[in-house]
Amino acid sequence: MRKPLALALAVLSVGSAWAALRPEPAPAVALTPERPLWSPDRLPALLAEAQGTVDLERAVDQLLGRFHSCVAVYEGDRPVLLRQPDRPLTPASTQKLLVAAVALAVLGPDFRFETKVVAAAPPRDGVPGALWLVGSGDPFLSTPEYADFLAAKPRDQDRKPTPLAEVADGLVKAGIRGVPGGIRGDDSRYDRIRAVPTWKPSYIIESEIGPLGALVVNGGFSTFTPPERRAADPAAHAAGELARLAHDRGVDVPLAGESGTAPEHAVTVAAVRSEPLREIVAAMLRESDNLAAELLTKEVGRLRAGEGSTAAGTAAVTRELAGLGLPVAGLRLGDGSGLEVTNTATCTLLASVLRRGPRGGASLRDLLPVAGRSGTLVKRLVDTPLAGRLAAKTGSLEGVTGLAGFLDGRRQLSFALLANGAFSEAGGRLLQDRLAALLAMYPGPQPQL
C-alpha cells in the first residue's frame, strides 16, 4: 500500500477547481413571481449543483463500496450526501464527540476540577498527623516532569496540565512543616475498577490508557517514558508524588504514599483547580485522550446517577444525548473513549452533534484537531490545500476508521464518516484523507480514485 499522504496529495492535485479552492456559494434561490427557481438564468448553476452531488455520490461509493460504512454530509442543515447514515457501526474515537457534548452540557464549559489536601482538624504548629489528597476526577493532574514530557510532543501541545506542584506550594504557604502520618490518596469519588473488563488486553500492555480512578497523576503511569509502567494503586501513587514534591520544598513527610478515604468534615489545607472544562475537552478531542474521555464519562455518571462508574456514565451519556433531542437509535456504549470494539453509533448522530453542538455556547468546531496544525492531524495533510481547512475528530482501530468534523472547501460542510472492514489503521487513515479530498472538491468534478 502506498503512503496515505502521497495518495492524498495525488487526489488533491486533480482538477482546476481544486487549485483555487475558494468558497463557492450555493445558487441563490430567492424566489419572486417574475423570477422563479427554474428560470433560465438559474439553470446552469442548479444543473452544476445537481451534477456535483451525483459525482460526489459516485466517488464516495467507489471509495467505500467494499466496506461496511456510513456517510452524512451537510451544508448548514441541508443534506448534501446521506449514504446509509443510520447504519450502526463501531465509531472508535469519534465517539469522544458524544462524551464532549454531554460533558459540556452537564458540567458547563467553565467547570473546573478541584484536587484538595485535607486534614482531620486544623493543623497545629504546622504538623498535622496525616493528610489526604482527595481526587475529583481531574484527568490532567501532572508533576512538573510529566508536564515537560508532554510539552515536547507535537500532538500534546494544546494540553494545559493541572500542576500538582501547586498543591505542594500550598502546603508550604499554609505553614505545614511536617506530616508524620504521611499523605494518603483518596479516590473514593469513583469506583476503583481500573479498566473496562471487555477491553482488549493489548490496550493495557501497550499503554493505550492508564488505570482509571478519581485520583490519577501523570495519566496513571509511575513511569511515563518507554517502557511505561502503570501505577498499581493510582491514588497511592499520586499521594507519593505529592509527598516527593512537598519534601523537596522542606516539608518533613514520608515519601511512600498510601491510599485511604478522608475523614468526614475534614478541613481543606491546600488545593489546585484545573483549567476550564472547555480546555480539557479541547485537549481530549485534539489528542484523542482516552483517560480524559473515561473520567469525564464517570463524572457524568456521578452527577446524573450518583455513581462514578463506566456503566452509570455511559447510560447517562445516552440519556443526555436523547434529552438534547439528538437521534440515539443504534447507539451502544460500553466505554467513554471508543476503545471498546462493540460500541456502535451512526453517522446521523455524529453529524447531528456537530451541527447542533452542546448547550452553553461552546462550539465543538473550535475544539477539534486541525489538519497540519494540531492534535491527531498535526502531521497529516501538511502542505496541502486541506491544511488549516479541515477540523475533525479522528477515530482509528484495527478494521475501524472514522472522521467527523468540518471542512472549508468550495463549500463549508460538516460531515461524518464511519467505516468497518478488513483494513489496517494506516489503511483507515487513507480512507479519511481521501474522503476529505472528495468533499473539498464538491460541487466541482471529482477525481478518479
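The values are calculated or read from the model by the stated rules, or taken from the named source; none is laboratory data. In this text, all values refer to a predicted model and were calculated from it rather than measured experimentally. Here Cβ is always computed from backbone atoms with ideal geometry, including for glycine, and neighbour counts include all displayed protein chains. For the accessible areas, the whole protein counts, side chains as well, though only heavy atoms, and no ligand, DNA or RNA atoms are used. Shrake-Rupley method; radii C 1.70, N 1.55, O 1.52, S 1.80 Å.
Numerical summary
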item	result
Check on T376, of a type in the set (S, T, Y), touching a Lys or Arg at 6+ places or on another chain (Cβ under 7 Å) and within 25 Å of A426 (Cβ to Cβ)	yes
Verdict on V60 being out of contact with any helix residue (DSSP H, G or I) (no Cβ under 6 Å at 6 or more places or on another chain), within 14 Å of A416 (Cβ to Cβ) and among the hydrophobic types (A, V, I, L, M, F, W, C)	yes
Matching residues, the range 212-231, being in a loop (DSSP other than H, G, I, E, B), under 25 Å from V179 (Cβ atoms) and touching a Lys or Arg at 6+ places or on another chain (Cβ under 9 Å)	G213, A214, L215
Residue check, P85 over 30 Å from D186 (Cβ atoms) and modelled with pLDDT of 95 or more	yes
Test: residue in the range 379-389 that is within 27 Å of L104 (Cα to Cα) and open to solvent by 10 Å² or more (accessible area, probe 1.4 Å)	yes
Condition broken by I209, with the remaining ones in (1) at pLDDT below 95; (2) surrounded by 23 or more Cβ atoms within 10 Å (Cβ to Cβ) satisfied	(1)
Some residue of the range 188-209 being touching a strand residue (DSSP E or B) at 6+ places or on another chain (Cβ under 7 Å) and within 20 Å of F113 (Cβ to Cβ)	no
Whichever residue in the range 82-134 is basic (K, R) and more than 30 Å from V167 (Cβ to Cβ) and, among such residues, is least open to solvent (accessible area, probe 1.4 Å)	R83
Qualifying position, being modelled with pLDDT of 95 or more and farther than 21 Å from P161 by Cβ, among E340, E279	E340
Tally of residues being of a type in the set (A, V, I, L, M, F, W, C) and not in a strand (DSSP E or B) across the range 113-171	16
Residue that is most open to solvent (accessible area, probe 1.4 Å), among those in the range 410-426 that are of a type in the set (D, E, K, R) and over 21 Å from T344 (Cβ atoms)	R410
Long-range neighbours under 8 Å by Cβ, at least six apart or interchain, first residue modelled with pLDDT of 95 or more within the range 180-198, second among the polar types (S, T, N, Q) and assigned to a strand (DSSP E or B)	R184/S259; G185/S259; D186/S259; D187/S259
Qualifying residue in the range 148-159 (condition: modelled with pLDDT of 95 or more and either under 37 Å from the mean Cα position of the chain (by Cα) or buried (at least 24 other Cβ atoms within 10 Å of the Cβ) (or both))	no
Condition met for R229 (within 28 Å of V127 (Cβ to Cβ), within 25 Å of the chain's Cα centre (by Cα) and open to solvent by 50 Å² or more (accessible area, probe 1.4 Å))	no
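For (1) surrounded by 22 or more Cβ atoms within 10 Å (Cβ to Cβ); (2) in contact (Cβ under 8 Å) with a residue 24 or more places away in the chain; (3) out of contact with any Lys or Arg (no Cβ under 6 Å at 6 or more places or on another chain), each residue gets a yes or a no:
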{"site": "D248", "(1), (2), (3)": "no, yes, yes"}
{"site": "G260", "(1), (2), (3)": "no, yes, no"}
{"site": "P263", "(1), (2), (3)": "no, yes, yes"}
{"site": "R273", "(1), (2), (3)": "no, yes, no"}
{"site": "V300", "(1), (2), (3)": "yes, yes, yes"}
{"site": "G323", "(1), (2), (3)": "no, no, yes"}
{"site": "T342", "(1), (2), (3)": "no, yes, yes"}
